[in-house]
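Take a look at the structure set out below.
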Amino acid sequence: MTFDRKIKIAPSILSADFANFGAECEAIEAQGADWVHVDVMDGHFVPNITFGPATCAAIRPHIKGVMDVHLMIAPVDPYIEAFAKAGADVITAHVEAGPHVHRTLQAIRAAGAKAGIALNPGTPASAIEPLLDMIDLVCVMTVNPGFGGQKFIHSQIKKVEQLRALIGERPIHIEIDGGVDPTTAPLVAKAGADVLVAGSAVFKGGSVTNPNVYGDNIKAIRAAAQGVWA
Ligand code: DX5
Ligand code: ZN
């Protein structure tokens, strides 16, 4: 993985057909996705359950690019190695998931993955200040995690600006997760985000047999985000 701040669209397969993950991953990459965002939920840290490392390992051969694994689980440490072995390029844990986030980040890098830290909407930007040398990505939750298709929380834009200032020249991605669509994408891009996760806004109206819709949806989000600098 090389670092740049160009806008990257990361469709979340939380909105894909769960019976067809392999083909869905191939379809979104063929239609222009930069990263594939994989939402792991445990029914404990968040009120929903998705899947674990075995599913990540199964879909890995169907993804050519970056597999971006977002762990909404607590505890997180006992499972890091399994997700790294499953082929995750980026493993993101929540700062709220346990008392030892520094150790968690050390473990992610030791397992050979890029380390991400996610902040829930109620958590301030300053939470990552002591961790800046430990992270490759900060994920700003613009919804309360657990479900796709929720409404974007506008108060998080200020947090993105604060994080952008905190990060300075460090090679740390700012990822936005939740409620990203062509309306909200320019707001977060302007504030300094470079990785835009989008579930419902990418998958809506399309399918593996009608994948051009995914491409149109991805293009619309990217164009809206990039329009900021046009
Ligand atoms: C929320 C997940 C998100 C979610 C985004 O808990 O982490 O990745 O799938 O979905 P949309 O884009 O529909 O808000
Ligand atoms: Zn996510």
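Laid out as a table, the results:
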read-out: Test result for Ile157, β-branched (Val, Ile, Thr), over 14 Å from the mean Cα position of the chain (by Cα), at pLDDT 95 or above and open to solvent by less than 10 Å² (accessible area, probe 1.4 Å); value: no
read-out: Number of the condition not met by Val188 [criteria: (1) surrounded by fewer than 24 Cβ atoms within 10 Å (Cβ to Cβ); (2) more than 11 Å from ligand 1 (Cβ to nearest atom); (3) within 20 Å of Gln150 (Cβ to Cβ)]; value: (1)
read-out: Qualifying residue in the range 145-165 (condition: basic (Lys, Arg), within 16 Å of ligand 2 (Cβ to nearest atom) and assigned to a loop (DSSP other than H, G, I, E, B)); value: yes
read-out: Odd one out for Ile218 among (1) surrounded by fewer than 17 Cβ atoms within 10 Å (Cβ to Cβ); (2) touching a strand residue (DSSP E or B) at 6+ places or on another chain (Cβ under 8 Å); value: (1)
read-out: Filter result for Thr123 (away from ligand 1 (no atom under 15 Å from the Cβ), farther than 25 Å from Gly32 by Cα and open to solvent by less than 40 Å² (accessible area, probe 1.4 Å)); value: no
read-out: Residues (part of a helix (DSSP H, G or I) and among the acidic types (Asp, Glu)) located in the range 87-130; value: Glu96, Glu129
read-out: Output for the range 37-62, where each listed residue is under 18 Å from Gly199 (Cα atoms), open to solvent by less than 40 Å² (accessible area, probe 1.4 Å) and part of a loop (DSSP other than H, G, I, E, B); value: Val46, Thr50, Phe51
read-out: Test: residue in the range 194-215 that is of a type in the set (D, E, K, R), under 22 Å from Cys139 (Cα atoms) and within 14 Å of ligand 1 (Cβ to nearest atom); value: no
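The values are calculated or read from the model by the stated rules, or taken from the named source; none is laboratory data. Here the structure is a predicted model, which means the values were calculated and not measured. Positions of Cβ are backbone-derived with ideal geometry, glycine not excepted, and every protein chain shown enters the neighbour counts. Only protein heavy atoms, including side chains, enter the accessible area calculation; ligands, DNA and RNA are left aside. Shrake-Rupley method; radii C 1.70, N 1.55, O 1.52, S 1.80 Å.
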